[in-house]
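Peer 1: Below you'll find the structure I mean.
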Amino acid sequence: MKRRPSLRGRLLLALMLMTLLTLAVASGLSAVMDLRLFRDHMLRDLNVLAAVVGESCVSALVFNSKESAEQRLATLAGEYQIGTATLYDAAGDTFARWERPTPSGRAVPEKASRSPARPNSTAAPSADWCSAHVLRSWSARRASMPGSPPASPS
């Protein structure tokens, strides 16, 4: 004759299963939130880098100096998370490009596209779990640069 588990044993088993299920759900949610937070920090860092490097490349664009622009883009070599950097001219065509010596396999568009809702503003960064594309726009006039104070009238 088979012995049935006691009520105490069944309650203990139910409590252990509920605890394990709660722990698994909490761990899963924590992992998802950590991944999202990591991605948001990565995009924020990329936006800052794009702003700094873009600001330093404005003079290269104004004076049509591709060598200077490539040197400025090459300063990104110290950033391990960046595999490719591309500078576009006003027409949206590639002006200068830097790639890490070991190819990352990420596709970077040859022509820049602007946000249709705000054509003269910074486009929102796009990202998936393994790559990100940040598009920022500048012009020779300081008033049209994102985040800069308006130019005083002359």
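The values are calculated or read from the model by the stated rules, or taken from the named source; none is laboratory data. From a predicted model like this one, the values you see are computed outputs, not experimental measurements. Heads up, the Cβs are rebuilt from the backbone with ideal geometry, glycines too, and the neighbour counts pull from every protein chain shown.
Here is a yes/no grid of residues against (1) touching a residue at least 40 places away in the same chain (Cβ under 8 Å); (2) of a type outside the set (Val, Ile, Thr):
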| position | (1), (2) |
| --- | --- |
| Ser30 | no, yes |
| Val52 | no, no |
| Val58 | yes, no |
| Gln71 | no, yes |
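Peer 1: Just a yes or no: is a residue in the stretch 25-45 among the polar types (S, T, N, Q) and at pLDDT below 90? Before the answer, list the steps.
Peer 2: Within the stretch 25-45, the first condition is being among the polar types (S, T, N, Q), and the residues that meet it are 27, 30.
Narrowing the set further to residues that are at pLDDT below 90 leaves none.
Scanning the stretch 25-45, I find no residue that is among the polar types (S, T, N, Q) and at pLDDT below 90, so the answer is no.
Peer 1: Hey, another quick one. Here is a list of conditions, (1) closer than 13 Å to Val134 by Cβ; (2) in a helix (DSSP H, G or I), and Ala14 meets all of them except one; can you say which number that is?
Peer 2: If we test Ala14 against (1) closer than 13 Å to Val134 by Cβ; (2) in a helix (DSSP H, G or I), just (1) comes out false.
Peer 1: In the stretch 65-80, is there at least one residue being of a type in the set (Asp, Glu), modelled with pLDDT of 90 or more, surrounded by fewer than 11 Cβ atoms within 10 Å (Cβ to Cβ) and more than 23 Å from the chain's Cα centre (by Cα)?
Peer 2: Checked the stretch 65-80: at least one residue is of a type in the set (Asp, Glu), modelled with pLDDT of 90 or more, surrounded by fewer than 11 Cβ atoms within 10 Å (Cβ to Cβ) and more than 23 Å from the chain's Cα centre (by Cα).
Peer 1: Test each condition in (1) at pLDDT below 65; (2) in a loop (DSSP other than H, G, I, E, B) for Ala143 and report the one that comes out false.
Peer 2: Going through (1) at pLDDT below 65; (2) in a loop (DSSP other than H, G, I, E, B) one by one, Ala143 breaks only (2).
Peer 1: Going by what's in this entry, would Ser56 be described as of a type in the set (S, T, N, Q), at pLDDT below 90, part of a helix (DSSP H, G or I) and more than 16 Å from Val134 (Cα to Cα)? I'd like the intermediate steps shown before the answer.
Peer 2: Values: of a type in the set (S, T, N, Q): yes; at pLDDT below 90: yes; part of a helix (DSSP H, G or I): yes; more than 16 Å from Val134 (Cα to Cα): yes.
Yes: the conditions hold for Ser56.
Peer 1: Provide a single number: the residues in the stretch 63-103 that are hydrophobic (A, V, I, L, M, F, W, C), closer than 24 Å to Phe38 by Cα, touching a strand residue (DSSP E or B) at 6+ places or on another chain (Cβ under 7 Å) and not in a helix (DSSP H, G or I).
Peer 2: 1
Peer 1: How many residues does the stretch 73-107 hold that are in contact (Cβ under 8 Å) with a residue 24 or more places away in the chain and among the basic types (Lys, Arg)?
Peer 2: Adding up the residues that qualify gives 2.
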